1. Scan region 153-163 for residues that are within 15 Å of the ligand (Cβ to nearest atom) and either under 20 Å from Q70 (Cβ atoms) or in contact with a Ser or Thr (Cβ under 6 Å, 6 or more places away or on another chain) (or both) and jot them down.
2. Please state which of the following conditions G192 fails to meet, knowing it meets all the rest: (1) within 16 Å of the ligand (Cβ to nearest atom); (2) over 24 Å from D38 (Cα atoms).
3. Given the conditions (1) in contact with a His (Cβ under 8 Å, 6 or more places away or on another chain); (2) among the β-branched types (V, I, T); (3) over 20 Å from Y87 (Cα atoms), which single one is not true for T29?
4. Within region 59-81, does at least one residue satisfy the condition of being within 16 Å of the ligand (Cβ to nearest atom), over 27 Å from T177 (Cα atoms) and in contact with a Leu (Cβ under 9 Å, 6 or more places away or on another chain)?
5. Taking region 186-217 as the search range and keeping residues that are of a type in the set (A, V, I, L, M, F, W, C) and assigned to a loop (DSSP other than H, G, I, E, B), which one is farthest from the chain's Cα centre (by Cα)?
6. Within the set of pairs 6+ apart or on separate chains, which have a first residue in region 127-144 that is among the aromatic types (F, W, Y), a second that is in a strand (DSSP E or B), and C-beta atoms under 8 Å apart?
7. All but one of (1) more than 10 Å from the chain's Cα centre (by Cα); (2) more than 16 Å from the ligand (Cβ to nearest atom); (3) of a type in the set (A, V, I, L, M); (4) assigned by TED's automatic domain parsing to the domain that holds S88 hold for I173; state the number of the condition that does not hold.
8. Taking region 59-85, which residues are more than 15 Å from the chain's Cα centre (by Cα) and part of a strand (DSSP E or B)?
Amino acid sequence: MEQTQNNTSQVVSMPRIGDKAPEFRAVTTQGSINFPADYRGSWVILFSHPADFTPVCTSEFMTFATMEQQFNDVNCKLVGLSIDGLYSHIAWLRTIKEKIEYKGMKEVEVNFPLIEDITMNVATKYGMIMPGESSTKAVRAVFVIDPIGVIRTIIYYPLSLGRNFDELLRVVIALQTADEFSVATPADWRPGDDVIVPTAGSCGVAKDRMGTHDADTKCYDWFFCTKKLAKETIMDKILKK
Ligand code: BEZ
């Protein structure tokens with residue numbers, strides 16, 4: 001999708017859910033990457049933050065780094081980005097490790113790559129710059145990309161609002177659950193809660209659904225049926241072996 005932004009005449013690209021993740025090569029704090037090719041076979045969260053050495057971003061990086069293993073356990077890798085240079089990134093991550101103690105987190109080492117994007121090449125490709133918010137800083141964008149490089153979820157937050165990382169983990173697990181079990185997930189779903197059976201696509205299926213007496217399935221009406229799906233069944237399937 002192309003979009004002309006409000007207060008500039010610049011045309012920027014805005015990837016959409018279902019699009020192939022735009023390709024780029026970049027320098028990161030963990031060496032060079034070729035995205036998304038280097039991540040084929042894994043889920044990946046590509047996320048932007050406004051700037052190094054800022055408080056909300058520091059709290060986010062400490063939280064994300066502390067939870068990294070939980071994301072890796074469900075075959076999901078993390079890649080961060082901001083419009084800062086590599087040496088700023090390195091200095092900031094060293095400061096976090098050496099000096100910052102926050103909410104019981106200390107000596108936090110950020111081991112996932114943080115992209116330097118001083119040219120705004122990647123931020124522009126992914127629609128991370130929103131001039132109404134800032135023309136020199138990326139907003140807090142989150143792209144969840146699947147193992148074949150397709151964008152599956154996009155979430156944007158403004159500069160002032162730190163993200164909820166439990167929610168991001170929930171999103172990854174819900175997407176994987178939908179793929180593995182051909183179901184959808186209702187409001188506020190968490191692993192172990194009932195899932196939604198795909199809506200009946202014919203009158204016959206609708207009638208059968210309403211007559212179902214399967215103890216694991218519950219139909220509120222012909223278009224709204226849920227079924228039990230145990231947390232262990234989900235985790236057996238998606239936890240990285
Ligand atoms: C922060 O991370 O604290 C922040 C960054 C940019 C604007 C406002 C807050």
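The values are calculated or read from the model by the stated rules, or taken from the named source; none is laboratory data. Keep in mind that this is a model prediction, so the values were computed, not measured. A quick note on method: Cβ atoms are made from the backbone with ideal geometry, for glycine too, and the neighbour counts reach across all protein chains shown.
1. Within region 153-163, G162, R163 meet the criteria.
2. Looking at each condition in turn, G192 falls short on (1).
3. With respect to (1) in contact with a His (Cβ under 8 Å, 6 or more places away or on another chain); (2) among the β-branched types (V, I, T); (3) over 20 Å from Y87 (Cα atoms), T29 is out only on (3).
4. Yes, region 59-81 contains at least one residue that is within 16 Å of the ligand (Cβ to nearest atom), over 27 Å from T177 (Cα atoms) and in contact with a Leu (Cβ under 9 Å, 6 or more places away or on another chain).
5. Applying the first criterion (of a type in the set (A, V, I, L, M, F, W, C)) to region 186-217 yields 187, 189, 195-197, 200, 203, 205-206, 210, 215.
Retained after the next criterion (residues that are assigned to a loop (DSSP other than H, G, I, E, B)): 187, 189, 197, 200, 215.
Details: A187: 18, W189: 16, V197: 24, A200: 30, A215: 35 Å.
Top of the filtered list is A215.
6. Cβ pairs passing all conditions: F143/I45; F143/L46; F143/F47; F143/I151; F143/T153; F143/I154.
7. (4)
8. S82 - this is the single residue of region 59-85 that is more than 15 Å from the chain's Cα centre (by Cα) and part of a strand (DSSP E or B).
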